[in-house]
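Comments concern the structure below.
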Amino acid sequence: MDKRVLLERIFGYTQFRPGQEELIDGVLSGRDVFGIMPTGGGKSMCYQIPALLLPGITLVISPLISLMRDQVMALKAAGVPAAYINSTLNAAQMQAVYRNLLAGQYKIVYVAPERLDYGGFGSIAERIPISFVAVDEAHCISQWGQDFRPSYLRILNFIENLPCRPVLGAYTATATKQVREDVERILHLRDPVRKVTGFDRPNLYFEVLKPEKKDDELLRLLVGKNRKSGIIYCATRKKVESVCELLQDHGYAATRYHAGLSEEERSENQEDFLYDRKTIMVATNAFGMGIDKSNVSFVIHYNMPKSIEAYYQEAGRAGRDGSDADCVLLFSNGDVQTARFLINNSSDNEEMDPDQQELVRQQDFARLEAMTGYCKTTYCLRGYILEYFGQKHPEICGNCGSCRGDFEARDITREAQMILSCVKRIRDKLGYDVGMTMIQKTLQGRKDKRVLEKGLQELTTYGLMKDVGTTELRMLMDHLEMDGYLQTDQEMQTIELTPAAGKVLYHGEKVEILTRKAPEEKTSAAVEVTGQAAELLDALKELRNSLAREAGIPPYVIFSNATLADMAKKQPKTMREFRKVSGVGEIKAAWYGTAFLKRIQKFIDENE
Ligand code: ADP
Ligand code: ZN
């Protein structure tokens, strides 16, 4: 069978997302692969489809127990024989899984990394035909990543002890160079097919608000969202408690999650949220890793997180099914103090010496600065994030708080003059051009080793823009390049002036950039389903939820909200039409088709 047919039959999608095809083809041709895609980009498909096409068994190594169970449940619902092995299974269940495994009854088996050298599984693994090992959340192998898991270091040993080396795939959403290098090195990936897809998530609407009273603003934001699923992140446990109480007092079905609760309560609350028994989760950043809930339609940050990495990961939990979703950050200056306090008082990592600790602290402060810049920028918010991750982007995205507001041309002639004259002075002093980082650090007056070695602190432009954040400064430089005042030497990656720069430097030519006019009343993201279809959508959700309750699985495992919305729009009358709905595969159509078709027919009859 062909990968496209599988995509259609099993998962009910008609097109691959960027990167998926290359990564699947890589594995099928016997090559190792390394996929870097944003959260929600569709990494699981990249190993699930090869798993179904290859002979033998695919092991998926994943750090997250909740994720495993969900994915196995979703696979089973789509008709794929799958299982998981982790500490939640009791001895009898484990034995049953092992037995089935040896009998060749599974195509995909999820394994927790700490199980890999657990006597039992190691010896079973030698006796089954493992053709492919997929390492999910591969950044956990790197100490530079945010979620280092020592047990990931055992993966290589496990693989080397197998009778036959399987194809290896690694998948992560972390893009930094250091982490990428670590993954390839530690896993010994052999000349992998590398695929880095863009980090943009066009369906997410970004917004920063600076309310006087956050509680009031939050309640305002939640109006009309009682039945939508969302996450509200707070910086401290105390805040989680008070916000959760506030929402409950106002009649919202809210629950909470933080490290101060008992494990039992945490998992109970998490389940309530996953199964849509509670629609709003109020949590610290302890919540969410590996949560694959596809119908989260908003993520609100009550406080500013510590870094853009953390923010994008948390906000990225919204809209995973591709529906429009909102990511709103409520900012106050107090958030900066709290974040500084948390960095200064973060517990020391015992594996590091004091110098390393200090380095980490400095990195943390640099990340915090970029995050604060996001909250204060008047430029496109999506552009700011993509810029931070080093990705090119248009000046205006059209779907963020800055771009939705009215624009005005902001005069940046002064900033332009500072930047351009700094580039010129560095060139005059050294006799050659330097890269963007050096220019940026000089303008900011950084005591960077390389800046000082070159004597750039002696320039009059040194420290001229010390109050401008790195990302913002880089956006300004990009803008000057786009406008033709600066150019990059493609080979050396150095920045030089163009002849046009002279007009700004010596003849007062005005430079402008479009920015947001004034903070606007927020209009919520476009609702795609309106009128009658919206009524039908509600009915379909009800049906789905009751089917899910009966089967004891989370509703989105049956159909995601995006699928139901498409169904409400298309209003299929026959099984054939039903199969055309995005997200409806063969098996799911067979299991649920009749029930949904009936419900749709009833709706049509009633409304004629
Ligand atoms: P992540 O990269 O975060 O692991 P997932 O694999 O969980 O992302 O996928 C996120 C969502 O996107 C899931 O609901 C999945 O069904 C959906 N998805 C994946 N691939 C496609 C596709 N080709 N077309 C439409 N939806 C897809
Ligand atoms: Zn924008």
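For the reader, a short list of remarks on this structure follows.
- Restricting region 16-51 to residues that are over 21 Å from the mean Cα position of the chain (by Cα) and surrounded by fewer than 19 Cβ atoms within 10 Å (Cβ to Cβ) leaves a set whose member that is nearest to ligand 2 (Cβ to nearest atom) is Asp25.
- Look at (1) surrounded by fewer than 20 Cβ atoms within 10 Å (Cβ to Cβ); (2) more than 16 Å from ligand 2 (Cβ to nearest atom) and you find that Gln440 fails only one, number (1).
- Test result for Ala416, crowded, with 18+ Cβ neighbours inside 10 Å and either under 36 Å from the mean Cα position of the chain (by Cα) or within 16 Å of ligand 2 (Cβ to nearest atom) (or both): yes
- In region 222-233, the count of residues that are exposed (fewer than 15 other Cβ atoms within 10 Å of the Cβ), of a type in the set (A, V, I, L, M, F, W, C) and assigned by TED's automatic domain parsing to the domain that holds Asn345 is one or more.
- Selection within region 353-395 - of a type outside the set (A, V, I, L, M, F, W, C), away from ligand 2 (no atom under 12 Å from the Cβ), out of contact with any Gly (no Cβ under 8 Å at 6 or more places or on another chain) and assigned to a loop (DSSP other than H, G, I, E, B): Asp353, Gly390, Lys392
- Filter pass, Leu261 being in contact with a His (Cβ under 9 Å, 6 or more places away or on another chain) and surrounded by 14 or more Cβ atoms within 10 Å (Cβ to Cβ): no
- Helices (runs of 4 or more DSSP H) (entirely within region 1-110) containing at least 3 residues that are within 15 Å of ligand 1 (Cβ to nearest atom) and at pLDDT 95 or above: 20-28, 43-53
- Residue among Leu329, Leu381, Leu386, Leu342 that alone is of a type in the set (A, V, I, L, M, F, W, C), at pLDDT below 85 and either surrounded by fewer than 19 Cβ atoms within 10 Å (Cβ to Cβ) or not assigned by TED's automatic domain parsing to the domain that holds His479 (or both): Leu342
- Complete set of residues in region 318-334 that are within 16 Å of ligand 2 (Cβ to nearest atom) and within 16 Å of Thr377 (Cβ to Cβ): Cys327, Val328, Leu329
The values are calculated or read from the model by the stated rules, or taken from the named source; none is laboratory data. Since we're looking at a predicted model, the values are computed, not measured. Here the Cβ is made from the backbone with ideal geometry for all residues, glycine too, and neighbour counts use every protein chain on show.
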